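Written below as structure tokens is the structure these notes are about.
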Amino acid sequence: MNIDFKKEGTTLTVTPEGRLDTATSPELEKRMAPEMEGMTEIIIDFEKVEYISSGGLRVLLATEQEKI
């Protein structure tokens with residue numbers, strides 16, 4: 001899985017590419033945590049994501065809970 005991060009002020013845009021499943025979800029979670037510091041808005045662009053499993057959804061929900 002490739003993951004691109006772009007910061008503009010306090011907005012973070014995350015662009016994952018490939019599959020977001022049980023094998024790749026921990027990598028996304030690990031790489032997003034430090035990028036989220038100081039951000040007030042997070043945009044996740046799913047255009048290049050082929051599949052999202054329940055493990056991937058868990059990471060997205062956890063990300064939202066940390067942001068609040």
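In this structure M1 has an accessible area near 60 Å², from a 1.4 Å probe over the protein heavy atoms.
Be a star and scan segment 24-60 for residues whose amide nitrogen sits under 20 Å from the point 7 Å along the Cα-to-Cβ vector of N2. Only 24-32, 43-52 fall inside the zone, counting backbone N under 20 Å.
Dipole size of the chain about its Cα centre, with +1 on Lys/Arg Cβ and -1 on Asp/Glu Cβ: approximately 120 debye, rounded to the nearest 20. Checking (i) 3.9; (ii) 4.2; (iii) 6.7 against mean projected area of the Cα convex hull in nm² calculated from these atoms, the matching label is (i).
Where does helix 25-35 land angle-wise versus the long Cα axis of the chain, in degrees 0 to 90, nearest 10? Long axis of 25-35 versus the principal axis of the chain: about 10 degrees. Extension gain for E17 to T40 (0.36 nm times residue separation, less C-alpha to C-alpha distance): 6.0 nm. The apolar share of the surface of the chain, taken as the fraction of accessible area on carbon and sulfur atoms (1.4 Å probe, ligands and nucleic acids excluded), comes to 49 percent. Solvent exposure of the chain, expressed per residue, is 65 Å² of accessible area, with all protein chains present and a 1.4 angstrom probe.
Compared with the alpha-carbon gap, the fully stretched path from T10 to E27 is longer by 3.9 nm at 0.36 nm per residue. Largest GNM mean-square fluctuation among E27, E37, E17, using the chain with Cα springs under 10 Å: E37. Accessible surface comparison of D4, D45, D21, probe 1.4 Å, protein chains only, largest first: the order is D4, D45, D21.
The values are calculated or read from the model by the stated rules, or taken from the named source; none is laboratory data. All values derive from a computational prediction rather than experimental measurement. Cβ sites come from the backbone with ideal geometry, for glycine too, and all protein chains shown count toward neighbours. The protein model used for the area step is the full one, side chains on, heavy atoms only, and it has no ligands, DNA or RNA in it. Shrake-Rupley method; radii C 1.70, N 1.55, O 1.52, S 1.80 Å.
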